[in-house]
Amino acid sequence: MSGAVAQGNQAQLSGLLKSQEGIVLVLAVLAFVLFSLLLPSFFSPGNILALIRSVSILGILALGMALVVIARGIDVSMIATMVVSVSWAFVIARSGYSLEFALLVGALFAVVAGVLIGVLIAFGEVAPIFATLAAGSVIYGLGRTFFFTLEMQNVPPDAGWFSLIGQGRILGVPVTVVVFGVLCLALHLVLSRTRFGWQTYAMGNNPGAARITGISNRPMIVAQYAISALVAYGAGLVLASSASAINARLFNSTMIYDILLVVVLGGIGLNGGHGKVRNVILGTIFVGILLNGMTIMNIPYTIQNLVKGVVLLLAIVIDSLVNPRDEQTSQQGDL
Amino acid sequence: MRLLKTTKWLAAACIALAGIVTASAQDKGLENPRSTTFRKTLEGKKVVFLPLSMGFDLTEGWAAVMRQQAKRLKYDFEIRDPAWSTDAGTRALQSLISEKPDLIVAHNPDIQSYARLLAQAQAAGIKVVQINLESNTQTDSYVGADWTEIGEQAAQAVVDKCSPGKGASTKVAIDTGVPTAASDVFQLDGIYRVLNQHPDIQVVSQQATEYNPEKARSIMETVLQQHPDLCGAIGIWDNQDTGTASAIQQAGKGDQVFLVTSGGGNKVGCENVEKGLFNLYISYNVPLQGEILNAEIARLLLSDSTAGENKTLYFNPLTQITKANVNQRNCWTLDDLK
């Protein structure tokens, strides 16, 4: 009897180790236990909240990216959309309009940008990676030329309620973390309970088959990019609110790769069709544990980048060992 | 008799008139040959500014001041904006060497990347002024902050607040920007020169923020979790340290942690001093740097010496801004300079 249970457990464990998600989960738990034992006050409620909070914004962005990636797309223009729409909203607010109106304009800009990108991909049939790469530069260039001169935009003065988004707490939990949690739940429900969600998986699995079965691929694609742009805008508001400023220079940083790191590490394959919200959460928390631990250990910047790079490389290698390229991927193409 | 009288009167009038005419000729003044040469030499010259990137307070400020003088003295002023890309900057510099403007104002991304190209530019006869961030090559002129001095001032301020018995502890955190920039390497040297004389002060964290306020915020939040009794923090740039400051405020430790930062003296930085986010703000005064830069540009364009023949530099004075002296003189907005 106990032998059977042990065998069952072993099968489960080997099953776990065969998926990338499982490997990352094991690594995350290992890192967590190791840091808790070795680093004083790593395992304290305050630090764990700080840890989750520090990666919440990354997590929110990764949720938007995950939706697009599951439908076999990619959106590398998210950071551009985020910094330009939020910076523009702040400039409008500073020039005398009410903050609410300004934020609405920012949201509108983000949605329009997302829709245009979607149209480019759906109707222009441009590969998502090129479309969004180019769109990112266009959005950023437009912003820098017409909407704002200075890259650094402080939150407009007298924005009491706005600073609560990034700095307030609900029952002791930072609002940033709450926002991440709520968005996770929302995306989970959309993906698992709605027709939109099922069709998204279908598109990612096999776009041709999805079209033949009657899914209107094009409007779906437009909607997905519009959502990811809106999510990027939301993440930008949280970011600006918690740091009291937004720096458009983030467009030039490695943040977009950090988002992809979270998505890929969590186990959402870049060839689309699979992955759930729990993958995003797992990826986010693993990156959070790594970053927080390395900050506490006061590891120099270059070594931190090295560690992040090696981890991503390992994840990709493990992914291709666990899910070898097969007939299907070679026919459908791979990112 | 009457005729004689009239003649006398007429003669007197003539003399008086002649006097007035001569006087008015003298009123037209003298031509100053030096002014004429000054203007003639500068007119039509070409000056190119190669910033790290446009779009932030420092470069926009310098450019505004330089553009004004170019307009006044009728020389060409151009900006090549590499938008934070060292690659694009290197390419711009290479093409400038073949274009041969009269003078390049270079803002270095780090101490190494442009070093050889700047020497080549001078060899090609282009005069080079470096602004605020130096490279390893010394050129015709350098105008800007002495980062070592900023580091020393910042560290001294923190030592004053955090020596044993004075603050909550003797723990200090340092937030750097990008590890290879002149502002980082020289400033850290300055900081440690002072801290090494005060072994009681403990540096508990030294992390790079990539000039990103959100990253600065999350680093400071983590540091405060580890060291709730942190006494002081040194940030390397006001633009990023809004994030450092908001982490300190959110932890409710605004009165405990003494935050020192530095920047160009933009109004936005000053607002943060007023709000109590920055306890000490070391300003290198962008409008002043712009004026010194203008003087150097004019001097070099007028000078007969060849590029690279005479090398000078000027470290401009720093202003320590605290709540007590946030005022019009120390703080500026871009509109003031335009």
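Throughout, read-outs are computed from the coordinates displayed, never taken from laboratory work. What you see is a predicted model; the values in this text were computed from it and never measured. A quick note on method: Cβ atoms are made from the backbone with ideal geometry, for glycine too, and the neighbour counts reach across all protein chains shown.
Report the Cα-based extents of the protein assembly as shown along its three principal axes, largest first, to the nearest Å.
Answer, in whole Å and largest first: 154, 69, 52 Å.
I'd like the distance separating the alpha-carbon centroids of region B:115-187 and region B:317-338, in whole Å.
Distance between centres, Cα-based: 21 Å.
Just want to confirm a number: the relative contact order over region B:147-283, from Cα pairs under 8 angstrom separated by 6+ residues, in percent.
Contact order relative to length: 26 percent.
Calculate for the protein assembly as shown the 222 nm mean residue ellipticity that helices alone would give, adding -39,500 (n - 2.57) per DSSP H run of length 4 or more and normalising by residue count, nearest 500 deg cm²/dmol.
-20000 deg cm²/dmol
On each of the three principal axes of the Cα atoms of region A:23-87, give max minus min coordinate, whole Å, ordered largest first.
Between the extreme Cα coordinates on each principal axis of region A:23-87 lie 41, 32, 13 Å.
What order do you get for B:96-103, A:117-124 when each peptide is scored by the mean count of other beta carbon atoms within 10 Å, highest first?
Output ranking for B:96-103, A:117-124: A:117-124, B:96-103.
For chain B, take the longest principal axis of its alpha carbons; what is the angle in degrees between that and the long axis of helix B:213-226, to the nearest 10 within 0 to 90?
40 degrees
If you place +1 on the Cβ of every Lys and Arg and -1 on the Cβ of every Asp and Glu, how big does the dipole about the Cα centre of region B:169-288 come out, in debye to the nearest 20?
Here region B:169-288 has a charge dipole of around 40 debye.
In this model, which of B:71/B:275; B:40/B:100; B:275/B:311; B:28/B:127; A:308/B:275 are farther than 31 Å apart at the alpha-carbon?
Table pairs above 31 Å Cα-Cα are B:71/B:275; B:275/B:311; B:28/B:127; A:308/B:275.
Under the 0.36 nm per residue contour assumption, what length would be gained going from the current alpha-carbon distance of residue B:319 and residue B:31 to full extension?
Taking 0.36 nm per residue and subtracting the Cα distance, the gain is 99.6 nm.
Starting from the eigenvalues of the Cα gyration tensor, five times each then square-rooted, give me the equivalent ellipsoid semi-axes of chain A, largest first, whole Å.
33, 28, 17
Over every pair of different alpha-carbon atoms in region B:200-338, take the mean of 1/r and invert it; report that Kirkwood radius in Å.
Taking every pair of different Cα atoms in region B:200-338, averaging 1/r and inverting gives 16.8 Å.
Can you check what the Kirkwood hydrodynamic radius comes to for region A:190-274, Cα pairs only, in Å to one decimal?
For region A:190-274, the Kirkwood estimate is 15.0 Å.
Which aspartates and glutamates does residue B:215 reach when only Cα atoms under 18 Å apart count, and residues fewer than 8 places away in its own chain are ignored?
Within the straight-line cut-off, residue B:215 pairs with A:151, A:258, B:175, B:184, B:238, B:241.
Counting every Cα pair in chain B, what percent are over 29 Å apart?
Details: 27169 of 56953 pairs.
I get 48 percent for the Cα pairs in chain B exceeding 29 Å.
With a Förster radius of 41 Å, plug the Cβ-Cβ distance of residue A:190 and residue B:328 into 1/(1 + (r/R0)^6) and report the FRET value to the nearest 0.05. Let's see the in-between values first.
Numbers: r = 54 Å, r/R0 = 1.31.
Efficiency at R0 = 41 Å is approximately 0.15.
When we measure straight from the Cα of residue B:45, which aspartates and glutamates land under 12 angstrom away, once same-chain ones fewer than 8 places off are left out?
In chain and number order, the partners are B:76, B:78, B:102.
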